[in-house]
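Below: the structure, in structure tokens.
What follows is calculated from the coordinates using simple rules that are stated; it is not laboratory data. What you see is a predicted model, and the numbers here were worked out from it, not measured in a lab. Cβ coordinates were reconstructed from backbone atoms using ideal geometry, including for glycine residues, and neighbour counts include every protein chain displayed.
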Amino acid sequence: MTPTGEFPEAERGQIGTVADAPSGNWVDRWAPAALRPYLRLSRADRPIGTWLLLLPCWWGLALAATVDGWRLYDLWIFVACGLGATLMRGAGCTWNDITDRTFDAAVARTRSRPIPSGQVSVRQALVWMALQTAVSGAILLTFPPVAIGLAVASLALVAIYPFAKRFTWWPQVFLGLAFNWGVPVAWVAHAGAFPPPAAWILYLAGVAWTLFYDTIYAHQDKEDDALIGVKSTARLFGAATGRWLAVFLVVTVVAMAAAVMMALLPVASGLKLTVALAGPWMLGWHLLWQLRLLDPDDPALCLRLFRSNRDAGLLPALFFAAAAFL
């Protein structure tokens, strides 16, 4: 590797998979060779991030539907959120890799990524980011104007997040603010009006959830982060990580339960309220399971627990959706 973090020209053709991608992922196995570096920029070989961006959208949509029922247009919102989450997560990861290319080159887990390894230039990455953003924008235009305005406002959070670890010990807060913005956007897309307080309380629950799972994720890199001067909640909390995660768990469950009650009381039936409230409690039990297993000094376990948050986040989405049918 050269001092700039790039691999010598003779070695670039030998570069295959990205070190922190799951073995045998579909990009490495099936995608056309010319597209693989761009799909890796978008983390298409690691879908967990797309799930973590998408699930709050489905929370917002489903909880909004518990208030006044499902509509045919909700089917498109459901699909559009999936497409938008895939594209905007890809654009955000591309932006993150552009801004972090020097840091990534200094860390063993990330220096095989497309930009530091020389598979993609910064200019090519910028074009790829713009393309993903443009397609996502075209999908967004099918939403009500208020939803469009809210979604555009989130771009400021997306732009700031990669720089947060340079100036604050709490970059996970910025990630949470960006990753859960789909809650009010999807709520508005369903309701057609500015989101009520329940939507913002649900958004707060999502931010606390992000602090929980991304602190676990950050423990993988805490030693490298310390060497290169990158801040994170994992480094900040250290041996007290378990206590902090317990606080985030409680805030997540209480805020989500409060959002359900604010949305449904006093108009909903007891059965609907009970089913909807099962969502935050089931999420809480899953987070408690993660907390009991956690060993912050075991990177492989941290990654496994982080990835398990797809299933954790699906639980409230399923219970909210079921309640909306009652």
Subject >> Spin-label model distance (nm) - Leu265 vs Phe167, 7 Å beyond Cα toward Cβ >> reply: 4.1 nm
Original post:
In whole Å, how far is the Cα centre of segment 275-314 from that of segment 126-159?
Top reply: 30 Å
**OP:** Quick one: among Tyr73, Tyr161, Tyr217, which has the greatest mean-square fluctuation in a GNM of the chain with alpha-carbon springs under 10 angstrom?
**Re:** Tyr73
Subject >> Val127-Leu288 pseudo-label distance in nm [points 7 Å out on the Cα-to-Cβ vector] >> reply: 5.4 nm
Subject >> Distance between modelled label sites at Trp281 and Trp76, nm, 7 Å Cα→Cβ extension >> reply: 3.8 nm
Original post:
With Cβ to Cβ distances under 13 Å as the rule, what net charge do the other residues near Leu52 carry (K, R +1; D, E -1)?
Top reply: +3
Original post:
If you build a Gaussian network model of the chain, linking Cα atoms that sit under 10 Å apart, which residue out of Leu75, Leu150, Leu288 swings the most?
Top reply: Leu75
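What's the exposure ranking of Trp95, Trp59, going from fewest to most Cβ atoms within 10 Å? Mind dumping the intermediate values first?
Values: Trp95 20, Trp59 30.
Listing Trp95, Trp59 from fewest to most nearby Cβ atoms yields Trp95, Trp59.
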**OP:** Let me have the 222 nm mean residue ellipticity of the chain computed from DSSP H runs of 4+ only, each contributing -39500 (n - 2.57), with the sum over all residues rounded to the nearest 500.
**Re:** -23000 deg cm²/dmol
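Once the mean 1/r over all distinct Cα pairs of segment 84-213 is inverted, what Kirkwood radius in angstroms do you read off? Mind dumping the intermediate values first?
Values: mean 1/r = 0.0631 Å⁻¹.
This gives a value of 15.9 Å.
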Original post:
If you take the Cα atoms of the chain, find Rg, then find the Kirkwood Rh from the mean of 1/r over all pairs, what is Rg/Rh?
Top reply: 0.98
Subject >> Cβ-isolated cysteines (cut-off 4.7 Å), the chain >> reply: Cys93, Cys302
**OP:** Would you work out if segment 138-208 is rounded, prolate or oblate? Take a ≥ b ≥ c from the square roots of the eigenvalues of the alpha-carbon gyration tensor; rounded if a/c is under 1.5, else prolate when a/b is larger than b/c, oblate otherwise.
**Re:** oblate
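Please compute the Kirkwood hydrodynamic radius of segment 203-326 from all pairs of different C-alpha atoms, in Å with one decimal. It would help to have the intermediate numbers written out before the result.
Numbers: mean 1/r = 0.0654 Å⁻¹.
Hydrodynamic radius (Kirkwood, Cα pairs) of segment 203-326 is 15.3 Å.
Taking the Cβ of Gln132 as the center, what net charge do the other residues with Cβ under 12 Å away carry, scoring Lys and Arg +1 and Asp and Glu -1? Walk me through the intermediate numbers first.
Working: positive: Arg43, Arg89; negative: none.
In short, +2.
If packing is taken as the mean number of other Cβ atoms within 10 Å per residue, what is the order of 244-256, 203-215, highest first?
Numbers: 244-256: 19.6, 203-215: 25.0.
Ranking, from highest mean packing down: 203-215, 244-256.
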Original post:
Using a Gaussian network model of the chain with C-alpha springs under 10 Å, which one of Gly182, Gly284, Gly118 is most mobile by mean-square fluctuation?
Top reply: Gly118
